Structure formats: C-alpha cells, structure tokens
Amino acid sequence: MKFMLKGSLIMVLSLAVFMVGFSAQQETTEIGMITPLTGGSSKAGLEMKRGAMLALDEINQAGGVLGRPLKIIVEDGESTAKASVDAAHKLVNIDQVPLIIGVWGSGPTIPTAEYTNSQGVVQICGIASSPKVRTIGPYYFSCQPLDDIRGPMLARGAHNLFPEAKKYASIVVNNAFGVGIEKYFCKEVENLGGECLVKVRYEGGKPNYRAELQRLFEVNPDVVNFVAYGKASKVILKNAYELGLEPNDAWVAMYPDMWKTTVIPKTAEGIIGLREGPKESPRMIRDFEIPYRKKYGDEAAENDLSLYSYYGYDAAWMAAMAINFAGSMDPDDIRRAIPNVWKRYEGVTGDKDVDEDGISVRIEQNWVKIHNGEYVSIPAPAEVKVGD
Amino acid sequence: MLSIGYTTLYGMLDFPNFAFAEFSVVGAYLAFLLNVTVGLPVYLSILIAAALAGLIGVFADRAIFMQMRRVDRLTLMITSLGLAIMIRNMIRFIWGPRPRSFDIGLMKPYHIFGARITPIQVVTLIVAASLMILLYILLYRTKLGKAMRAVRDNMRLAQASGISSEKVIMWVWFIGVAVATVAGSMIGLDSQLFPYMGFSITIFIFSATILGGLGHPIGAVVGSLILGFAQNFGLWIDWGNIINLGGLFNFVGSLKIPTGYKEAIPFLVLIIVFLWFPGGIFGRKGGKYGGSS
C-alpha cells in the first residue's frame with residue numbers, strides 16, 4: 001500500500017513537471033545569450049544585455065516569434081572563455097535553445113562558437129573581430145567586420161587626414177583584438193608609404209604605463225594607433241597627458257566607445273576615433289535612444305549607450321527575424337535564413353550583409369573627433385573597401 | 001617606503017607576509033574615502049588613513065598572528081596569503097572592481113635635464129626621503145628603535161633584558177602599515193586605485209627586500225632603488241648596440257626588451273646579484289637574515 005502510494009505520488013509529480021515544462025515550451029520561444037555580467041568586461045556585457053532586453057520588449061509587443069513571445073535566457077560569461085563555454089553547454093544541453101547570441105571578446109567567443117558549431121546550434125553576433133572566427137564553421141555568423149577590414153580602414157583614414165605623416169607608432173592591448181588591429185593597421189600604413197616604427201602591446205591592470213609611453217614616443221611619432229579598454233586607457237591617456245607626450249598629428253583610435261565614458265575628458269581631447277554604426281540619425285534616436293532612456297533611466301543612458309548596447313539590440317532583432325524567416329526552431333532552417341535576414345535588416349549598428357563564411361562584410365563608418373569629452377562627427381576620411 | 005615597512009616586519013616576525021601590501025591598499029582606499037567621499041584635503045586624508053590603517057594592522061596582528069607566534073613559518077606564510085586574498089576581496093566588495101582616482105585633477109610635468117617628472121612624483125620623492133630619514137632616526141636614535149633592533153636580532157634575549165617584545169611588535173605593525181599606507185596612497189595619487197594593486201606591489205617588494213637582504217631596512221631601500229633603476233634601464237637600453245659592440249659589427253638590428261617584460265627584469269637582477277651575494281646585498285652570510293646558512 002505504502003509502495004503504491006509512493007509510486008502514485010512520483011507519477012503525479014513527474015506528470016506535473018512534464019506538464020509545466022510542456023506548457024512553458026508552448027508559451028514562449030526560447031533563445032540564449034551569453035554575455036559577461038561579471039569580471040573585467042562586465043560593463044560592456046551589461047550594455048549588451050540591456051540592448052537585447054530593449055529589443056525583446058519591442059519584439060514581443062510586435063507579436064513575438066512564431067506567434068509566441070520570445071524569451072532570451074541570459075547566461076553570465078564571467079569575462080572568461082571557460083565560463084562562457086560552460087554557459088554554452090548549459091544553453092545547448094539543458095535549455096536546448098536553437099540559437100545563442102554572444103559572446104563578448106574574441107577570446108571567449110571562439111571556443112564557445114566552436115562548441116555550438118559542433119552541436120549544430122546557431123551562434124550570432126559575438127563581439128569578436130579576430131579573423132580566426134572566419135573558420136569556426138557554418139553555424140557562426142558575425143554582425144561586425146573583422147580586424148582585417150577595420151585595421152586597414154583606420155590606417156587609410158589616418159593617412160587621408162594626415163597625408164604628410166610617415167612616422168607611425170602603435171599601442172594596443174595585448175590580446176587577439178589589439179594585436180589583430182595592430183597587424184592590419186601597420187600593414188596598411190606600409191602600403192601607404194609610412195612605417196609603424198614602434199609597436200607597444202600593453203598588459204592590463206598596471207598602476208601606470210609610463211614605460212610603455214616612453215617607448216612609444218621615443219621615435220617622435222606623427223600618428224599613434226591606440227586600441228585600449230576602459231580601465232587601462234584612462235591611465236594611459238592620463239600618464240601621456242601628465243608627461244606631456246603627444247604625437248605630432250594625432251592619436252587615432254579604433255572603437256573609442258570602449259573607453260570614452262571612462263577616461264578623463266581633457267586627456268582624450270582631439271583623438272580621432274573610428275566608431276561602428278551609422279552616425280546618430282533621427283531614426284536611431286527615435287527607435288533606440290529614446291526607448292533606452294525610458295527603460296533604463298537617464299543615468300544608464302548617459303553611461304551605457306555605446307556600441308555594445310547597439311549590438312545587443314541588433315542581435316536580438318536579427319535572431320527573432322531569423323527564426324521567423326525560417327518558420328521553425330530548427331537550427332539548420334535558421335542558419336539558412338540568416339543571410340536573407342542580414343541583407344534586409346537595417347540595424348542601429350548599420351546595414352548588414354554576410355559573405356560565404358558568415359562574416360559581416362559591411363561597415364558603416366562613423367568617424368569622430370573627441371572634443372570636451374564628446375564625439376564630434378567628422379567626414380569619413382577613408383573609402384570603404386570591403387574584403388581588402 | 002613599502003619595502004622598508006615590509007622588511008622591518010619580516011625582521012621581527014621572520015616569515016614572508018603576503019598580506020602586507022594589501023594593508024597598503026586598505027589604507028589607500030581609506031584615504032580615498034576621506035578625500036573623495038568625506039571631502040577632506042588629500043594629504044590630511046592620507047595622514048588620517050595612515051593612522052587608521054596602522055590600527056587595522058595592529059588589530060590583524062592581535063587577532064591572527066599573535067595567536068600563531070609559535071607556529072612554523074610555512075603555516076604563517078599560508079595564513080598571510082589567505083588574509084591577503086580576503087582583504088583583496090573585501091576591498092572589491094566595498095568599493096567595487098572599478099578603478100578609483102583621488103580628487104587632484106591633472107598636472108603638467110616639469111622638464112628637468114630632458115626628463116619629465118610630474119608634481120606628484122616630486123612629492124612622492126620628498127615624502128619617501130622624509131620618511132626614510134624619520135625611520136632611520138626612529139630605528140637608530142630612539143629607545144623604541146633600539147628595542148626594535150634588539151627584538152629583531154634576538155627576541156628571547158631582548159625579552160630577558162626586560163623588553164616587551166609584543167609591545168615592540170605592535171609598534172612595528174602600526175608604523176609599518178602606516179608607512180605602507182602613505183606609499184599606497186602615493187601610488188594611487190600617481191595613477192589610480194584598484195582592488196588587485198596589492199598583488200603587483202607584493203612582487204616588487206619581495207624582490208627588493210630579498211635583494212637588499214631580508215630584514216635590513218637600508219638594504220630594502222638600496223634594493224628598491226637598484227630594481228627601479230634596472231627596470232627602466234633595461235627597457236631603455238638598445239641591446240642590439242651592445243651585441244654589435246657599439247657599432248663595430250652588425251650582427252643584429254635594434255633590440256629592445258618589450259615593455260611587457262618589465263616585471264621580469266627584477267628577477268633577472270636578483271639572480272645575477274645572488275651569484276655574488278647569496279644573502280642579498282646587506283644580508284649576513286649564514287646569519288638570521290642572510291638566508292644562506
């Protein structure tokens with residue numbers, strides 16, 4: 001009797017769990033997102049998440065995906081490759097999502113995408129610009145062009161702005177992103193008749209960067225290529241300012257969004273930056289900035305409105321469109337639908353298109369000069385040459 | 001400054017204290033709190049923070065290390081390592097992982113004989129020199145200093161002579177951590193504060209004090225100066241010129257050490273010096289602080 005009672009109880013509970021699971025599955029369409037919410041990249045990761053959540057609201061107001069509300073299961077990548085891969089395992093094996101958005105940084109994105117590819121799960125829009133992502137596999141799609149497009153573009157811009165400049169120097173963060181930009185920037189500089197006389201790769205977390213700066217300015221450079229993350233960039237620019245070190249023409253920086261809100265404005269005065277995405281247009285302000293401000297408040301909008309929130313927003317919209325275009329939750333159908341989505345989607349980070357490797361090949365240049373801590377748009381000094 | 005505090009403590013307690021540099025970070029963050037949050041002038045904030053951090057150091061000794069005076073060095077070392085990790089994470093918990101800056105604004109450098117030096121670096125030099133003189137006077141011209149040296153040389157003999165070793169150790173903790181706070185704050189003024197700065201400081205302190213001879217305050221100063229100079233000289237010099245014998249040959253082109261290897265230079269210097277001075281420059285061969293017995 002006791003045994004039967006126990007057996008019945010287990011059966012009822014199992015049925016209840018199954019029903020709850022079944023009904024939850026029926027109620028929403030689930031996809032995953034891996035973004036660093038703790039660790040060194042947590043600010044960017046949070047911005048990316050906020051952008052995605054804003055898009056999610058809009059997607060669900062517009063009717064959701066496949067006739068059901070969309071749900072994004074967000075996992076913390078902890079700014080490390082290991083935690084990001086662990087998160088991917090969870091999303092693939094437990095949540096069984098067909099598509100994952102993320103990760104932030106080439107380091108965590110590459111192993112994560114290699115895993116999702118091995119499992120036949122689609123992964124899109126990692127903030128990863130290392131050319132190594134090109135060979136990951138058919139289930140990975142990037143939303144941004146890689147270093148081999150952006151590095152030369154930055155170099156051409158600098159050359160066009162300062163045609164007399166011949167002596168270049170470069171200071172970059174010592175990781176795949178920084179070294180990638182350095183490599184392609186300097187290669188293009190040489191093609192244009194200049195030379196990168198000094199290449200400094202800095203390590204994060206140092207109390208000062210005087211030694212790096214002394215080395216950088218030994219050659220009295222005309223132009224300095226600057227690729228840095230927020231914390232270090234604040235110290236680097238402060239040290240440079242306090243030591244009175246500045247290039248003859250200008251600093252040129254890829255992605256000033258990575259540090260613009262962190263540095264002391266006076267130390268960044270006059271830096272030429274290449275941002276990604278279209279210049280601020282009325283549409284962009286209407287569709288993105290005003291809703292963002294409304295959802296997260298003015299303070300968050302002042303601090304967080306950056307490239308990463310734009311990418312999170314675009315990624316969520318593109319994921320939703322891909323599933324709707326595919327008409328199913330099958331990863332292979334979604335994968336096949338993506339090139340069509342990329343061609344049609346007009347994003348806040350610009351229009352998209354992918355090549356046969358799933359890599360974004362369009363970049364909308366947004367050249368700026370920093371003045372009083374704010375971006376001032378300047379005409380694009382470099383022509384876009386996709387696939388150089 | 002940090003090396004002097006560290007080596008003095010080592011002389012008394014005879015174990016590598018991994019938590020020492022973390023106290024300097026605690027002190028620097030207290031100074032930041034008083035300066036930025038409370039609004040006190042920066043140098044007054046550092047003075048008050050030095051006293052407060054000194055008391056925290058004394059408390060840490062009473063609460064932890066005093067209970068373990070008879071424990072072996074390895075256990076003490078591991079305890080200090082655990083304490084260091086705990087302090088680091090407490091700082092991160094209270095002030096967050098974001099770097100913090102004192103409210104001093106930007107400064108333009110002075111140009112002296114072609115070198116650029118910032119006003120904060122000038123202040124740091126003056127403060128460091130003043131503190132060294134004061135510590136020298138304390139150690140060699142006062143009764144407390146005499147007691148400190150006696151306890152450092154032979155604790156049991158000092159106790160037998162009527163010196164309260166615990167009282168002396170308490171003072172050493174207070175003075176050591178207070179001095180470390182000033183040093184940590186100067187680093188913060190020069191750059192910025194972040195929770196993990198203690199670790200990077202620790203490596204340099206250890207190298208400098210070992211180079212100078214463990215437990216020897218003057219040795220710590222000399223060790224720090226040698227390592228600081230070696231780091232910058234090592235990066236500045238073109239090794240290609242040396243290999244080419246000043247231009248006589250052309251074996252290699254310009255060859256400079258990448259700045260990322262700056263932290264490795266102290267260890268190279270350490271190895272070279274140990275070939276001739278196994279106990280450090282001022283270490284006593286075969287003695288308590290010589291390390292070569």
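Among the residues examined, B:T124 does not qualify as over 21 Å from B:A49 (Cα atoms), of a type outside the set (A, V, I, L, M), touching a residue at least 60 places away in the same chain (Cβ under 8 Å) and within 14 Å of another protein chain (Cβ to nearest Cβ).
Checking every residue in the range B:258-268 against the condition of being hydroxyl-bearing (S, T, Y), at pLDDT 70 or above and either out of contact with any Phe, Trp or Tyr (no Cβ under 6 Å at 6 or more places or on another chain) or assigned to a helix (DSSP H, G or I) (or both) gives at least one match.
Here the condition is being buried (at least 16 other Cβ atoms within 10 Å of the Cβ), within 14 Å of chain A (Cβ to nearest Cβ) and assigned to a helix (DSSP H, G or I); of B:G198, B:G219, it holds for B:G198 alone. Got at least one residue in the range B:10-25 being outside any loop (DSSP other than H, G, I, E, B) and under 24 Å from A:K238 (Cα atoms)? There is at least one residue in the range B:10-25 that is outside any loop (DSSP other than H, G, I, E, B) and under 24 Å from A:K238 (Cα atoms). Checking each residue in the range A:111-126 for being at positive phi and surrounded by 18 or more Cβ atoms within 10 Å (Cβ to Cβ) picks out only A:C125.
When you look at B:M132, is it modelled with pLDDT under 90 and away from chain A (no Cβ under 12 Å), yes or no?
On the way: modelled with pLDDT under 90: yes; away from chain A (no Cβ under 12 Å): yes.
Taking the combined requirement at face value, the residue satisfies it.
Taken over the range B:99-119, the criterion of being without any contact (Cβ under 8 Å) to a residue 60 or more places away in the chain and within 11 Å of chain A (Cβ to nearest Cβ) is satisfied by B:G105, B:L106, B:M107, B:K108, B:P109, B:Y110, B:H111, B:A115, B:R116, B:I117, B:P119. Based on what the data block shows, is B:D190 of a type in the set (D, E, K, R) and without any contact (Cβ under 8 Å) to a residue 60 or more places away in the chain? Taking the combined requirement at face value, the residue does not satisfy it.
Please verify whether A:D287 is acidic (D, E) and either assigned to a loop (DSSP other than H, G, I, E, B) or crowded, with 21+ Cβ neighbours inside 10 Å (or both), treating the condition exactly as stated. Spell out the reasoning first.
Details: acidic (D, E): yes; either assigned to a loop (DSSP other than H, G, I, E, B) or crowded, with 21+ Cβ neighbours inside 10 Å (or both): no.
No; evaluated as a whole, the condition is false for this residue.
Consider the range A:220-267 and keep the residues that are acidic (D, E) and touching a strand residue (DSSP E or B) at 6+ places or on another chain (Cβ under 7 Å). The one that is modelled with the lowest pLDDT is A:D257.
In the range B:179-195, the qualifying residues are those that are surrounded by fewer than 24 Cβ atoms within 10 Å (Cβ to Cβ) and part of a helix (DSSP H, G or I), and the one that is farthest from the other protein chains (Cβ to nearest Cβ) is B:M186. For the range A:95-120, how many residues meet the condition of being touching a residue at least 40 places away in the same chain (Cβ under 8 Å), in contact with a strand residue (DSSP E or B) (Cβ under 7 Å, 6 or more places away or on another chain) and not aliphatic (A, V, I, L, M)? Final tally of qualifying residues: 6.
Among the residues making up the range A:55-79, those that are assigned to a loop (DSSP other than H, G, I, E, B) and either within 18 Å of A:A322 (Cβ to Cβ) or under 15 Å from the mean Cα position of the chain (by Cα) (or both) are A:A62, A:G63, A:G64, A:L66, A:G67, A:P69, A:G77, A:S79.
Which one is farthest from B:R92 (Cα to Cα) among residues in the range A:37-54 that are assigned to a helix (DSSP H, G or I) and either of a type in the set (A, V, I, L, M, F, W, C) or without any contact (Cβ under 8 Å) to a residue 24 or more places away in the chain (or both)? Don't jump to the end; show me each part of the working.
First, the residues of the range A:37-54 that are assigned to a helix (DSSP H, G or I): A:42-54.
Among the residues that remain, those that are also either of a type in the set (A, V, I, L, M, F, W, C) or without any contact (Cβ under 8 Å) to a residue 24 or more places away in the chain (or both) are: A:44, A:46, A:48, A:52-54.
Values: A:A44: 19, A:L46: 19, A:M48: 23, A:A52: 28, A:M53: 28, A:L54: 30 Å.
Restricting to residues being assigned to a helix (DSSP H, G or I) and either of a type in the set (A, V, I, L, M, F, W, C) or without any contact (Cβ under 8 Å) to a residue 24 or more places away in the chain (or both), the top hit is A:L54.
Would you mind stating whether A:L70 is under 30 Å from A:R293 (Cα atoms), touching an Asp or Glu at 6+ places or on another chain (Cβ under 6 Å), surrounded by fewer than 24 Cβ atoms within 10 Å (Cβ to Cβ) and modelled with pLDDT of 90 or more?
On the way: under 30 Å from A:R293 (Cα atoms): yes; touching an Asp or Glu at 6+ places or on another chain (Cβ under 6 Å): no; surrounded by fewer than 24 Cβ atoms within 10 Å (Cβ to Cβ): yes; modelled with pLDDT of 90 or more: yes.
Criteria not met by A:L70.
Could you list, in sequence order, the residues of the range B:114-168 that are touching a helix residue (DSSP H, G or I) at 6+ places or on another chain (Cβ under 6 Å) and of a type in the set (V, I, T)? Within the range B:114-168, B:T118, B:I120, B:T124, B:V151, B:I163, B:V168 qualify. Does A:R201 fit the bill of being surrounded by fewer than 24 Cβ atoms within 10 Å (Cβ to Cβ), not in a helix (DSSP H, G or I) and not β-branched (V, I, T)? Yes; evaluated as a whole, the condition is true for this residue.
Looking across the range A:121-135, the residues that are more than 22 Å from A:W317 (Cβ to Cβ) and free of Cβ contacts under 8 Å to residues at least 60 places away in the same chain come down to A:S130, A:P131, A:K132.
If you filter the range A:329-362 down to residues that are assigned to a loop (DSSP other than H, G, I, E, B) and touching a Leu at 6+ places or on another chain (Cβ under 9 Å), you find that the one that is farthest from A:R134 (Cα to Cα) is A:M329. Here is a check on your reading of the model: is B:S45 within 21 Å of B:T181 (Cα to Cα) and touching a Leu at 6+ places or on another chain (Cβ under 9 Å)? So B:S45 passes the test. Among the residues of the range B:69-89, is there at least one that is small (G, A, S), farther than 19 Å from B:Y196 by Cβ and surrounded by 14 or more Cβ atoms within 10 Å (Cβ to Cβ)? Scanning the range B:69-89, I find no residue that is small (G, A, S), farther than 19 Å from B:Y196 by Cβ and surrounded by 14 or more Cβ atoms within 10 Å (Cβ to Cβ), so the answer is no.
Every condition in (1) without any contact (Cβ under 8 Å) to a residue 12 or more places away in the chain; (2) on the phi < 0 side of the Ramachandran plot is met by B:V222 except one, and the failing one is (1). Filtered by the rule that a residue be surrounded by fewer than 19 Cβ atoms within 10 Å (Cβ to Cβ) and either within 14 Å of B:R116 (Cα to Cα) or more than 9 Å from chain B (Cβ to nearest Cβ) (or both), the range A:204-213 gives a lone residue, A:G204.
Counting residues in the range A:236-248 that are part of a loop (DSSP other than H, G, I, E, B), surrounded by fewer than 24 Cβ atoms within 10 Å (Cβ to Cβ) and under 20 Å from the mean Cα position of the chain (by Cα) gives zero.
Summed over the range B:222-257, residues that are within 14 Å of chain A (Cβ to nearest Cβ), aliphatic (A, V, I, L, M), loosely packed, with under 14 Cβ neighbours inside 10 Å and in a helix (DSSP H, G or I) total 0.
On the stretch given as the range A:187-215, residues that are of a type in the set (A, V, I, L, M) and either out of contact with any Ser or Thr (no Cβ under 8 Å at 6 or more places or on another chain) or touching a residue at least 60 places away in the same chain (Cβ under 8 Å) (or both) total 4.
In summary, A:P278 fulfils each of the numbered conditions (1) at pLDDT 85 or above; (2) more than 9 Å from chain B (Cβ to nearest Cβ) with the single exception of condition (1).
The values are calculated or read from the model by the stated rules, or taken from the named source; none is laboratory data. It should be emphasised that the depicted structure is a prediction, and the values quoted were computed from it without experimental measurement. Don't worry about glycine lacking a Cβ; one is built from the backbone with ideal geometry, like all the others, and counts go over all protein chains shown.
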